[in-house]
Amino acid sequence: MTRGPVPGRPVRRRRAATLLAAAGTACALLLSGCSGSGAGSAGGGITLTFTWWGNDDRAERTNRVVDLFEKRHPGITVRTSFASYDTYVQKLATQAAGGDLPDVAQLDYRQISQYAGSGTLLDLGPYLRNGTIRTADFDPDLTRTGVYDGTQSALPMSVGTTGFAYDAAVFRKAHVPTPRPGWTWGDWAEAGRRISALGLKGPDGRAYTGLGDVGGTEDAFEEWLRGQDKKLYASGHEVGFTTGDLTRFWTWTDKLRREGVVSQAKDTAQIGSVAEDSPLGRGLAATDFNWDAPFLAYPPMLGDSIHFAPVPSINGRLGQYFKPSMLIGIGSRSAHPKQAAELIDFILNEPDSGRILGVSRSTPANRKIAESVGGTLEGPEKEVYDYGRKIAAYGTDPPPAAPPRGDVVLQVSFTRTYQQVIFERQSPAQAAAEFVAEAGRELR
């Protein structure tokens with residue numbers, strides 16, 4: 001098949017930071033350039049648009065899968081684009097608001113309610129029932145995470161969980177035990193104190209802290225809550241915690257900042273969606289909270305001493321859970337929904353696709369493919385795979401219902417409001433009251 005240049009491909013391996021910066025710029029053009037109507041054609045054939053977030057490695061692998069799909073489906077061309085998470089979320093929201101979602105889009109768990117509730121995602125039910133998309137090898141509980149209001153609006157691409165990337169060499173230097181399932185938030189803070197007491201310096205001579213600050217991360221707060229048998233959301237219109245809960249969390253993390261145990265305010269404020277922006281990635285701290293799939297970015301950047309540890313517990317109760325690392329859906333205005341469904345099935349269920357993608361989106365949702373891929377992995381990829389098995393054996397609760405509409409806005413607000421604390425413009429109690437009030441308005 002002859003075709004012209006396809007935006008987003010090919011992507012060559014380069015230093016991740018450079019590529020992501022370029023990707024962020026390119027994405028602004030690519031995402032805005034995606035017709036979303038999917039109605040374009042190439043030489044009389046069908047053109048689909050497919051977009052996702054991620055780093056260069058994920059892009060390279062995904063584009064190889066797309067190449068294979070095109071080879072096996074003559075007449076279909078797939079225009080791809082990708083971006084870093086923050087840029088992606090903003091652009092996709094803009095497209096969705098204009099009714100211009102791409103034919104196939106990677107979606108975050110927190111976006112399902114927002115997009116399905118606004119009618120911008122196609123009902124996948126007919127394509128499941130006629131066998132165009134197969135889910136026989138998926139965990140039914142995981143498949144249900146893509147259901148909104150009784151409609152299968154998306155499907156999980158993979159399953160993952162959170163943890164802490166940490167520098168084992170620094171832990172050993174501080175005589176801190178290797179983190180294991182069941183370690184507590186108190187152990188985590190104590191590890192930070194002992195590492196900070198080493199008096200290490202970052203690349204620019206500033207103090208190297210034991211921990212990256214988790215106070216601005218809604219995911220970390222949720223798991224801290226769940227360790228106390230509480231929830232982030234009680235319903236689609238109400239948070240599951242009190243102002244007092246959030247005040248306690250932010251008072252604790254702010255105290256660690258004032259002690260010099262977690263990253264300084266200006267470094268915490270730079271934490272974004274890529275490992276390079278994190279305190280660990282910048283050589284300024286020994287740990288970072290993150291999801292397991294992004295962990296793959298740390299070892300190439302920092303070396304083989306970087307490993308992945310479970311989220312601390314509260315008295316042995318683990319707050320972390322498995323969720324779809326990401327989902328995939330079809331824009332409701334796609335002009336070629338059948339072909340879009342075929343692409344989704346190819347990505348999720350084709351063994352060659354699974355082999356190419358590996359654990360670049362964490363453990364594949366298709367259990368047969370996951371088992372097959374698991375036996376071929378090495379290095380950090382094998383660590384991600386084994387980490388999931390270790391956490392599953394320890395035991396976690398089922399994933400909660402997808403966050404309600406408004407959560408995407410509140411995620412950003414959570415980080416922004418915490419910055420009022422670390423820059424000492426508001427007390428933890430003032431900031432917590434402001435956030436809870438905003439959540440009430442957003443979820444109304």
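Being in contact with a strand residue (DSSP E or B) (Cβ under 7 Å, 6 or more places away or on another chain) and open to solvent by less than 50 Å² (accessible area, probe 1.4 Å): is that true of residue 293 here? For residue 293, the condition - in contact with a strand residue (DSSP E or B) (Cβ under 7 Å, 6 or more places away or on another chain) and open to solvent by less than 50 Å² (accessible area, probe 1.4 Å) - is met.
Contact annotation: residue pairs with Cβ atoms under 6 Å, 6 or more positions apart or on different chains, pairing a residue in region 104-126 that is among the basic types (Lys, Arg) with a partner that is assigned to a helix (DSSP H, G or I), are 110/407; 110/408. When only residues in region 128-177 that are at pLDDT 95 or above and assigned to a helix (DSSP H, G or I) count, which is most open to solvent (accessible area, probe 1.4 Å)? Checking each candidate, the answer is 129. Restricted to region 241-252, and to residues there that are touching a helix residue (DSSP H, G or I) at 6+ places or on another chain (Cβ under 7 Å) and either within 30 Å of residue 117 (Cα to Cα) or free of Cβ contacts under 8 Å to residues at least 24 places away in the same chain (or both), the residue that is most open to solvent (accessible area, probe 1.4 Å) is 243. The residue pairs whose first member lies in region 193-208 and is free of Cβ contacts under 8 Å to residues at least 24 places away in the same chain and of a type in the set (Lys, Arg), whose second member is part of a loop (DSSP other than H, G, I, E, B) and surrounded by 14 or more Cβ atoms within 10 Å (Cβ to Cβ), and whose beta carbons are closer than 8 Å, counting only pairs six or more residues apart or on different chains, are 194/174; 194/176; 194/210; 201/208. Can you tell me which residue is modelled with the highest pLDDT among those in region 404-429 that are β-branched (Val, Ile, Thr) and open to solvent by 50 Å² or more (accessible area, probe 1.4 Å)? Taking the candidates together, the pick is 415. For region 256-283, which positions are more than 15 Å from residue 299 (Cα to Cα) and of a type outside the set (Gly, Ala, Ser)? Across region 256-283, the qualifying residues are 256, 257, 258, 259, 261, 262, 264, 266, 267, 268, 270, 271. Residue-level check: of (1) within 24 Å of residue 105 (Cβ to Cβ); (2) open to solvent by 40 Å² or more (accessible area, probe 1.4 Å), residue 347 misses just (2). When residue 396 is tested against the conditions (1) out of contact with any strand residue (DSSP E or B) (no Cβ under 8 Å at 6 or more places or on another chain); (2) within 25 Å of residue 214 (Cα to Cα); (3) at pLDDT 90 or above, the lone failure is (3). Within region 301-351, the set of residues being part of a loop (DSSP other than H, G, I, E, B), under 30 Å from residue 278 (Cα atoms) and not polar (S, T, N, Q) comprises 303, 304, 310, 311, 312, 316, 318, 319, 321, 322.
Between 219, 245, the distinction of being modelled with pLDDT under 95 and part of a helix (DSSP H, G or I) belongs to 219 only.
Just one of the numbered conditions (1) farther than 16 Å from residue 325 by Cα; (2) assigned to a helix (DSSP H, G or I); (3) open to solvent by less than 80 Å² (accessible area, probe 1.4 Å) is not true of residue 390: (3). Within the option set 231, 255, being of a type outside the set (Gly, Ala, Ser), surrounded by fewer than 17 Cβ atoms within 10 Å (Cβ to Cβ) and assigned to a loop (DSSP other than H, G, I, E, B) holds for one residue only, 231. No other residue among 340, 335 is out of contact with any helix residue (DSSP H, G or I) (no Cβ under 7 Å at 6 or more places or on another chain), of a type in the set (Gly, Ala, Ser), open to solvent by 10 Å² or more (accessible area, probe 1.4 Å) and farther than 25 Å from residue 173 by Cβ apart from 335. Please verify whether residue 90 is at pLDDT 80 or above, closer than 26 Å to residue 156 by Cβ, in a helix (DSSP H, G or I) and open to solvent by 70 Å² or more (accessible area, probe 1.4 Å), treating the condition exactly as stated. The answer is yes for residue 90. Could you tell me whether region 111-124 includes any residue that is part of a helix (DSSP H, G or I), touching a Gly at 6+ places or on another chain (Cβ under 8 Å) and of a type in the set (S, T, N, Q)? Within region 111-124, one or more residues are part of a helix (DSSP H, G or I), touching a Gly at 6+ places or on another chain (Cβ under 8 Å) and of a type in the set (S, T, N, Q). The single condition among (1) buried (at least 19 other Cβ atoms within 10 Å of the Cβ); (2) under 29 Å from residue 271 (Cβ atoms); (3) of a type outside the set (A, V, I, L, M, F, W, C) that residue 103 does not meet is (2).
The values are calculated or read from the model by the stated rules, or taken from the named source; none is laboratory data. The structure displayed is predicted, hence computed values, not measured ones. Every residue, glycine as well, gets a Cβ built from its backbone with ideal geometry; the counts of neighbours run over all protein chains shown. Surface accessibility is based on the protein's heavy atoms, side chains included, excluding ligands, DNA and RNA. Shrake-Rupley method; radii C 1.70, N 1.55, O 1.52, S 1.80 Å.
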